[in-house]
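The values are calculated or read from the model by the stated rules, or taken from the named source; none is laboratory data. What you see is a predicted model; the values in this text were computed from it and never measured. Cβ: placed from backbone, ideal geometry, glycine included. Neighbour counts: every protein chain shown. Heavy atoms of the whole protein, side chains included, go into the accessibility calculation; ligands, DNA and RNA do not. Shrake-Rupley method; radii C 1.70, N 1.55, O 1.52, S 1.80 Å.
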There are 2 protein chains.
Amino acid sequence: MTAEAQAVEVIPLGGLGEFGMNMLLVACGETAVLIDAGVMFPGPDLFGVDLVIPDLAALEAYRGRIAALVLTHAHEDHIGAVPHVLEHVNGPIYGTRFTLALVEPKLAEHGLEAAGRLVVVAPKERVTVGPFELEFLRVTHSIPDCVAVAIHTPAGTIIHSGDFKIDLTPPDGEAFDLHRLAELGQAGVLALLADSTNADRPGVTGSERMVVQAFEEVFSSATGKIIVTAFSTSVYRLQILVDLAAQFDRRIAFVGRGMQQTSQIAGRLGYLRVPAGLEIRDADVPDYAAEDVLCLCTGSQGEPLAALPRIAINDHRSVTVNEGDTVVFSARIIPGNEKAVARTMNHLARRGADVIAEDQKRVHVSGHASEEELKLLLSIVKPRYFVPIHGEYRQLARHARLAAQVSPDTSILMAEDGDVLRFDVDGGRLAGRVPAGRVLIDGTRTGEIADEVLRDRRHLAADGLVVPVVAINGRTGALEQPPELVTRGLAVDARHEAVLRDAPDVLARAIEAASPEERTDPGLLKERIRVEIQRMFRKRAGRRPLVLPIVMEV
Amino acid sequence: MTAEAQAVEVIPLGGLGEFGMNMLLVACGETAVLIDAGVMFPGPDLFGVDLVIPDLAALEAYRGRIAALVLTHAHEDHIGAVPHVLEHVNGPIYGTRFTLALVEPKLAEHGLEAAGRLVVVAPKERVTVGPFELEFLRVTHSIPDCVAVAIHTPAGTIIHSGDFKIDLTPPDGEAFDLHRLAELGQAGVLALLADSTNADRPGVTGSERMVVQAFEEVFSSATGKIIVTAFSTSVYRLQILVDLAAQFDRRIAFVGRGMQQTSQIAGRLGYLRVPAGLEIRDADVPDYAAEDVLCLCTGSQGEPLAALPRIAINDHRSVTVNEGDTVVFSARIIPGNEKAVARTMNHLARRGADVIAEDQKRVHVSGHASEEELKLLLSIVKPRYFVPIHGEYRQLARHARLAAQVSPDTSILMAEDGDVLRFDVDGGRLAGRVPAGRVLIDGTRTGEIADEVLRDRRHLAADGLVVPVVAINGRTGALEQPPELVTRGLAVDARHEAVLRDAPDVLARAIEAASPEERTDPGLLKERIRVEIQRMFRKRAGRRPLVLPIVMEV
């Protein structure tokens, strides 16, 4: 095998420098493999954007050569962009049974036919893709059926951790495969790529079971309805709550589309076991006494159309919340959603509910490894190179510091989206860049939002809009009537009013002062009007509204 | 004294239903007293708003009768609106020495002359205002010189806690006046109004001294510069850091306007003691070895113009951050600022700094009482009525639950901004409403922003703008030229493009189909154009841009 045939390139395209939209390309010779294809949810600064996915431009260079898509687990930040990358992949989609079961309806929603390409793999299984042998290793996280991937390449073994924590008492009894990782570590691992999400948290994260005690207290003391909101994919959490409902003799209603869909899929495949007769439809909730019901709802992020936020404002078709009910928020708040969640909590409190969240009781536990777990993985795998993945730069840098503490024999490669990591006979190093970034999706698969659109929206949002309207004689350039100003989103303010009062005259004089060429060239005239109006607002009102001149030639 | 002369009304005008803009009116007969006048910082959903203050409309009814403004402590959410309410107050402004020292420059900034009206009071002091005797009681919080106010009224004693936690080892040795509160409780308190900010946190908050251990670790291990960002008013925090700098032989630079101003005021008045020769100017930081310097910076919320965020992007005139430096965020993140703070942290990590925040070490402690402290205050004061204040509804409701646990003899009055609480011979109760709300301030004291302006800004931000331009013959109503469409902030999208391509024709046909009356009435015509264009975008592109028709009569 030539030196070049042994060279492997690892290219993160999402998730290194931000939380979410995880995607990574591994290439060797004529073959490439994509690991995960996730979305990111837009913050409030991305006006009108529904979804963010990685820029796929870099995949063009690999057209026809991406021989497989490998999914580590079924969270949206790892599978949400599958419909968008599918056309770039020329081969099967590998994932565990639960992961692919959640990918399937997502493809159907986008009208994509890919059932024949979904290939279920089990932990400990291996598949060969060109020069790669992919080995799947069980890891523990907050969703069932998660794997890490050991990629055996001509250059050596590269381990991608997926998302994980080291849960030594996983609710489903499926243990983190420490043994195989130790074996691989002993045999020699070229590179470890590991989840940095909680690299800034000391200690250990704790088992999924950790929430049981807090919920036992809730079930013991609640006298009315119990409503719990969580991510619908948090199947372990749902199982714990179903078991408590059985124990405390409450019926269970799954409320909200995501909760119903995921609980059905998880139930059908045996990942969620609901004792017969315990589940009721949400429409039947009003028929039961409050103290006999547990509702599991969507809406933990305060999303206005999800179940709990609608229940909170008494706008749900069947579930209400009343004095004496208990509502538990069993999920972390994704940054940017704090205000929406607080609003939902306040509405619920106003209706008399006892609102319980993570700050009061341990009703939530993270799915990502903290400092001591990250050090444990590094100690077991003993990689020659370490690449922190999944996190903003701060978490990646913190993870790198931990790796340096664990062993001086591990070389750290700090990479961000678009960096090309090359591993060959000379070792591992950063060796170039490919295009990387984010693509903003507005509602549908086709609606991409350009940066300039977003800039305009920000500008409009911050300072409002002024539309000067001018009618010009197309031949002479003479004003046909006095200019008008239409405004939107402008603060009511004495200085603004003065500017608006004087602007038509100032504008008329400026137009009359312009040369006939300028006056009969709509482009030049618009620019002159724009500059004139901007100057007036800036100097006299200290404001910079967006100015959008309309020039009509009549 | 008549029954009416004994009646006291308590009217919260801010801070009950939101965090911030705390303000409360207490009235009896012809006299009223205002307690605190705070601001709230706008969230990212308040586009272009700089500051939020309580609606002052309710004060009109008390014109000439507000005989004093009482300030409990110097945080912005208690004193930030003083310049705005000053004209409504017909008497002195009472506050402790440190509080008024921070109010003074604020009034000067607004060009207000009020030095003669600022009256310094000390804990245990009493002043008489009409039928009220105001007694100031030392409480502990995260800023020096905080007081609660016992208002002795003809109806009984009303205690307003201000902001507090029960710090049994306050850094300045000034103890929470538990003794006097116990005495008052024994004698009989009509009503307690108490801070609910942390009512949803179990246990106790902990002393200001609690951060010492974490900072000792930072000072012991740091090899480069230490940079700490905190609120400049957190004088206890600054003192702890100054003491550690002295102990570990580092020079101290206060960096950023707020930090310099507050440290100077606190130093001059003896609230902050910096050993001689230890302080250096920020301009001199480059002259010292990194390991010999501690910088105390503004910018803990990621504010783009503050010191630390500028240092983070290497845009500060004298302070830089380099490989091996340590940066500590010693403040809570105000909801809404998470992304800005994360951005600052990532920049700092990218420059090689070790970034430490609350999630890793106890480098911050809250200033507000948790559950056990709130229960302690309730137990000591034993009020006949309890009114939770300072919090969103969820915290107020939680505080009410705690009060119910402490004693069945206390009646709870749940109020929100604008509710009138009346205490008279028949007891205490909600007895009406006054106007209340928020006023949005855009940059200057005069620039108020109306709700409809904000609604337009939100709409523009979310969906963009379409301006259909139509020129009509003013007499016949005939189209003078084909309609045009100008857009801003619209997503680039095949469906949008199709709508924009077809719109002029559709619009022309719609206008031609309209009656002559409609075509020559610009108001009616605009409405028809707006409806037509909105319908097209909604049905064919699934979008709802703001439509702003321009009709020119020529």
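Heavy atoms only, probe 1.4 Å: what % of the accessible area of the protein assembly as shown goes to carbon and sulfur, would you let me know? Of all accessible area on the protein assembly as shown, carbon and sulfur atoms account for 49 percent. Computed over neighbours whose Cβ is under 9 Å from that of A:VAL420, the net charge equals 0, Lys and Arg +1, Asp and Glu -1. Taking both sides together, the accessible area buried where B meets A is about 5800 Å² for a 1.4 Å probe. Against the criterion of solvent-accessible heavy-atom surface with a 1.4 angstrom probe, A:ILE333, A:ILE158 sort, most first, into A:ILE333, A:ILE158. Computed from backbone phi with θ = phi - 60° and the Karplus coefficients 6.51, -1.76 and 1.60, the 3J(HN,Hα) list for the range A:102-107 is 8, 6, 3, x, 5, 5 Hz; x is used for glycine and proline.
Panel note: the C-alpha atoms of the protein assembly as shown, placed on their principal axes, show extents of 101, 80, 76 Å (largest first). Of the two radii for the range B:72-207, the radius of gyration is 0.97 times the Kirkwood radius, both from the alpha carbons; that is the Rg over Rh value.
The C-alpha atoms of chain B define a longest principal axis, and helix B:178-187 lies at about 90 degrees to it. Once the gyration tensor of the Cα atoms in the range A:216-354 is diagonalised, the equivalent ellipsoid follows with semi-axes of 21, 18, 14 Å, ordered largest first.
Counted over the protein assembly as shown, the DSSP beta bridges are approximately 55% antiparallel. When only alpha carbons of the range B:5-113 are considered, Rg and Dmax amount to 13.9, 46 Å. Between the range B:21-43 and the range B:193-212, the C-alpha centres lie 24 angstrom from each other. Using heavy atoms of the protein chains and a probe of 1.4 Å, the accessible area assigned to B:ASP292 is about 60 Å². Per residue, the average separation of C-alpha pairs within less than 8 Å and at least 6 apart gives chain B a relative contact order of 15 percent. Taking all protein chains into account, the per residue accessible area for the protein assembly as shown stands at 38 Å² (1.4 Å probe). Contact order for the range B:201-297, expressed relative to its length and based on alpha carbon pairs under 8 Å spaced 6+ residues apart, stands at 41 percent. Temperature 4 °C, viscosity 1.567 mPa s: under these conditions the Stokes-Einstein estimate for the range B:308-357, based on its Kirkwood radius over C-alpha pairs, is 117 µm² per second.
Estimated purely from DSSP H runs of n ≥ 4, each contributing -39500 (n - 2.57), the mean residue ellipticity at 222 nm for chain A is -9500 deg cm²/dmol once divided by its residues. Distances from A:LEU524 to itself in the other copies, using label points 7 Å out along the Cα-Cβ axis, amount to 4.2 nm in increasing order. Our coupling estimate for the range B:242-258, obtained by passing each phi through the Karplus curve with A = 6.51, B = -1.76, C = 1.60 and θ = phi - 60°, is 4, 4, 5, 4, 4, 5, 9, 6, 10, 7, 10, 10, 8, 10, x, 4, x Hz, Gly and Pro reported as x. Accessible surface for A:MET414 stands near 50 Å², nearest 10, in the context of the full protein assembly shown (1.4 Å probe). Measuring r between the beta carbons of B:LEU269 and B:ILE412 and using R0 = 41 Å, the FRET efficiency lands at 0.55. Between helix A:494-513 and chain A there is an angle of about 60 degrees, using the helix long axis and the longest principal axis of the Cα atoms. Within the range A:144-221, none of the chymotrypsin sites (Phe, Trp or Tyr not before Pro) combine a DSSP coil assignment with at most 15 other C-beta atoms in a 10 angstrom radius.
For the range A:94-150, just say rounded, prolate or oblate: build the C-alpha gyration tensor, square-root its eigenvalues into a ≥ b ≥ c, call rounded for a/c under 1.5, and beyond that prolate if a/b exceeds b/c, oblate if not. Cα axes put the range A:94-150 in the oblate bin.
The calculated pair-distance distribution of chain A uses every alpha carbon pair, bins of 10 angstrom beginning at 0, and gives 3, 16, 22, 20, 15, 12, 8, 3, 0 percent. Amide H to amide H, with H built 1.01 Å from N, B:ILE412 comes under 5 Å of B:PHE386, counting only residues 5 or more places away or on other chains.
Dividing the Cα radius of gyration of the range A:60-128 by 2.2 N^0.38 Å, with N the residue count, gives 1.06. For the range B:1-83, GluC sites (Glu not before Pro) meeting the loop criterion (DSSP other than H, G, I, E, B) and having at most 12 other Cβ atoms within 10 Å: B:GLU30. Sorting B:HIS152, A:HIS141 on solvent-accessible area from highest to lowest, probe radius 1.4 Å, gives B:HIS152, A:HIS141. Residues whose amide H lies under 5 Å from that of A:PHE19, counting only those 5 or more places away or on a different chain, are A:GLU392; hydrogens are built 1.01 Å from N in the peptide plane. For the range A:472-554, which trypsin sites (Lys or Arg not before Pro) pass both filters: DSSP loop (anything but H, G, I, E, B) and at most 12 other C-beta atoms within 10 Å? Hits after loop and neighbour filter: A:ARG475. Residue by residue, the range A:387-404 carries 3J(HN,Hα) couplings of 10, x, 10, 6, x, 6, 4, 4, 6, 4, 5, 5, 4, 4, 4, 4, 4, 5 Hz when phi is fed to the Karplus relation 6.51 cos²θ - 1.76 cosθ + 1.60 (θ = phi - 60°); x denotes Gly or Pro. Using only Cα atoms, what is the ratio of the radius of gyration of the range A:338-418 to 2.2 N^0.38 Å? In units of the 2.2 N^0.38 Å rule of thumb, it is 1.66.
Taking the label point 7 Å along Cα→Cβ, B:LYS539 and its counterparts in the other copies are spaced 4.9 nm apart, in ascending order.
Only one residue of B:ALA81, A:VAL139, A:ALA513 has its Cα farthest out toward the positive end of the dipole of the protein assembly as shown, where Lys and Arg carry +1 and Asp and Glu -1 on Cβ, and that residue is A:ALA513. Taking every residue in A:479-491 and counting other chain Cβ atoms within 10 Å of its Cβ, the average works out to 5. The calculated FRET efficiency for B:ALA431 paired with A:ASP505, based on their beta-carbon distance and R0 = 45 Å, is about 0.25.
Normalising by the residue count of the range B:79-215, find the relative contact order in percent from Cα pairs under 8 Å and 6+ residues apart.
17
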